[in-house]
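A quick write-up on the structure given underneath.
FYI, it's all coordinate maths here, none of it is from the lab. Values in this document were obtained by computation on a predicted structure and should not be read as measured data. Here the Cβ is made from the backbone with ideal geometry for all residues, glycine too, and neighbour counts use every protein chain on show.
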Amino acid sequence: MISLSENVVPLAWSFAYFSLKPLGSWNTDLKARYEFFELWAQKGAPFVFFISYFTYPTGFTTSLLQKFSRKAGSPSIDRLEFDFIPT
C-alpha cells in the first residue's frame, strides 16, 4: 500500500523488469509488453520488434544472429553484425 501511495514499483514486482519509471507508467509499459508477446504467441513472429519490450534484448539479438547463421550458405555467427537504419 505504501508503494501505491508513493507511486513507486513495489519491490516484490521488480523481478518483472528493471525500470526507473513511476508505478503508473511502469504498469502501462508492462501491459504493452504483455500485449506484444501475446500477439506474437497468437499470430506468429512480427516483422518489426520493439526492442524495449524485451527484458534481455541482447539475448534476443544473439538468437537472431544464430538463426540466420544456421541457414545454408550463411557466414558463421562471429562474422555477422547488425546494421540499423533509424526511421
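Which angle from 0 to 90°, rounded to the nearest 10, does the C-alpha axis of helix 57-69 make with the longest principal axis of the chain? The two axes meet at around 20 degrees. The amide H of residue 21, built 1.01 Å from its N in the peptide plane, has no neighbour under 5 Å, considering only residues 5 or more places off or on other chains.
Mean-square fluctuations from a GNM of the chain, with a 10 angstrom spring cutoff on Cα atoms, peak among 49, 37, 15 at 15. Using the Cβ-Cβ distance between residue 11 and residue 42 with R0 set to 30 Å, the FRET efficiency works out to roughly 0.40. The trypsin sites (Lys or Arg not before Pro) of the range 1-71 that DSSP puts in a loop, and whose beta carbon has at most 15 other beta carbons within 10 Å, are 70, 71. Its alpha carbons considered, the range 46-87 gives a radius of gyration followed by a Dmax of 11.6, 32 Å. Derived from the Cα gyration tensor, the three semi-axes of the equivalent ellipsoid of the chain are 34, 14, 12 Å, largest first. For the range 1-86, the set of GluC sites (Glu not before Pro) satisfying both a DSSP loop assignment and a count of at most 12 other C-beta atoms within 10 Å is given as 81. Its DSSP H runs of at least 4 residues, each contributing -39,500 (n - 2.57), put the calculated 222 nm mean residue ellipticity of the chain at -14000 deg cm²/dmol, to the nearest 500.
Working from Cα pairs under 8 Å separated by at least six residues, relative contact order for the range 2-79 is 17 percent. Nearest 0.05, what FRET efficiency do residue 68 and residue 32 give at R0 = 30 Å with Cβ-Cβ as r? Plugging the Cβ-Cβ distance into 1/(1 + (r/R0)^6) gives 0.65.
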